[in-house]
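Enquirer: Before I ask anything, let me first share the structure, which is written out below as structure tokens.
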Amino acid sequence: MIKVWFPASGSPGAMTRVGAALAAGGVLTLALAGCAGQVSRTGSAQPLTSVAAPVSDPQPSSAPTIHPKWRTCADEPTMQPQDGGNDAVPLAHFAGTFHPVAALLCREDTQRRTDGGTDAIAVEDRADDVAALIAALSLPDEPPPSLEPPTGDVPPEAGLICAADGYFTPRMVLLDGQGRWVRPRLPRDSCDKPRAEAAAALGELRWTRVSTRVLGEVESAGAAASGCDQVHTDMVWFTGVHPPGRQGDLAALADDAASVRLCVYRVLASGRDSEKPQGDFVSGRVLPPGRWAAVKRAVATSGKAAACTTPANRFARLETPRGDIYVELDGCRRLVAQGALAADGTSGDTIWQASTDLPALLTGP
């Protein structure tokens, strides 16, 4: 994946509470086709063995529109996060009728609060020194690569092979001196990607914050202070739905004096019937001296997991130096922990019935 970052403040983060992935840092992303869902990791796009046919832009049914006076990102439906840039028009279509003096960018980011928590925010940024950007946006599209293999004296690189990847168009508009606006399309290279000149011009813009709007909470102050994730999967229920192929013994647990973090979650009602329920942070702390030793003994005396179909309302995650342990605090009251090494050298999670005193050890003072 190739990323061209706009200069921006704030740090990227997963927008778990508001149910959307954040496009942190105002980024123009070239994302591998077919890779959707999770926030992606940075990597190199590998060339394919065949030529990717360019994707044509939908032709406007009438002359491009110069919109009336700009209001805000929040007030313009085409500037919302789910927008795919289908209304963007090549800047050349406005030549002679529209003269840009500034650019506005609508994007999402995260922002740390004074209490230590983090919010998802929608921001509007403005750049006024746009001469280089306008010049780059005015460039024509490059012709697509030839489908014919190079022959004769034509160098091998002439038979360009394009990676089958796409990109997300930045939610950007251009303003003229009257406050009117247009949505420009980025000129494409021969592989139907943004031309390097346009990407470079975008990266060099100096953005000034116009407005910031809080969308929702990503991480609570309590989760941040405890070191626990704000949202976590109920791995006991998930393992019960997809049990391990081999139910081995428990692996050796951490020493009695080990530092162990306890995170407690409440299962979200919206996902309680799913095979992978998500839990929202309730409380978290490092176990007091001596508590882990007692918890360890209770885990070690677990028995064979009983058949059960009652989802938990709460579960705990124990972060130990020898792997995480998950415990249902109600419902079936099972636990999932690392299994012992098998004869073939492999290991995996194993599911057990928790001892009756384990939930109390994890919820007591």
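The values are calculated or read from the model by the stated rules, or taken from the named source; none is laboratory data. On a predicted model such as this, the values are computed, not experimentally measured, just so you know. Because the Cβ atoms are built from the backbone with ideal geometry, glycine has one as well, and the counts that use them run over all protein chains shown.
Yes/no per residue for (1) part of a loop (DSSP other than H, G, I, E, B); (2) touching a Cys at 6+ places or on another chain (Cβ under 8 Å):
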residue	(1), (2)
G245	yes, no
G248	yes, no
A252	yes, no
S259	yes, no
R266	no, no
F281	no, yes
R285	no, no
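Enquirer: Just give me the residues in the stretch 331-350 being surrounded by 21 or more Cβ atoms within 10 Å (Cβ to Cβ) and of a type in the set (A, V, I, L, M), in sequence order.
Expert: L335, V336, A337
Condition check ((1) within 12 Å of P359 (Cα to Cα); (2) over 31 Å from the mean Cα position of the chain (by Cα); (3) without any contact (Cβ under 8 Å) to a residue 60 or more places away in the chain) across all residues:
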{"site": "K276", "(1), (2), (3)": "no, no, yes"}
{"site": "R285", "(1), (2), (3)": "no, no, yes"}
{"site": "R297", "(1), (2), (3)": "no, yes, yes"}
{"site": "A307", "(1), (2), (3)": "no, yes, yes"}
{"site": "A316", "(1), (2), (3)": "yes, no, yes"}
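Enquirer: Moving on to the next point. I'm trying to understand the selection: among the residues of the stretch 294-326, which are of a type in the set (A, V, I, L, M) and touching a helix residue (DSSP H, G or I) at 6+ places or on another chain (Cβ under 8 Å)?
Expert: Scanning the stretch 294-326 gives A294, V295, A298, V299, A305, A312, A316, L318, I325.
Enquirer: Taking the condition under 24 Å from the mean Cα position of the chain (by Cα) and modelled with pLDDT of 95 or more, does D280 pass?
Expert: Yes; evaluated as a whole, the condition is true for this residue.
Enquirer: Output the residues belonging to the stretch 169-218 that are closer than 24 Å to I121 by Cβ and in contact with a His (Cβ under 7 Å, 6 or more places away or on another chain).
Expert: Once the filter is applied, which keeps residues that are closer than 24 Å to I121 by Cβ and in contact with a His (Cβ under 7 Å, 6 or more places away or on another chain), the stretch 169-218 yields only W181.
Enquirer: Also, I was wondering about something else. For the stretch 298-314, does any single residue satisfy the condition of being modelled with pLDDT of 95 or more and within 26 Å of G116 (Cβ to Cβ)?
Expert: Yes, there is a match, as at least one residue in the stretch 298-314 is modelled with pLDDT of 95 or more and within 26 Å of G116 (Cβ to Cβ).
Enquirer: Next up: For the stretch 184-196, what are the residues that are among the charged types (D, E, K, R) and farther than 15 Å from P170 by Cβ?
Expert: If the condition is that a residue be among the charged types (D, E, K, R) and farther than 15 Å from P170 by Cβ, then D189, D192 are the ones that fit.
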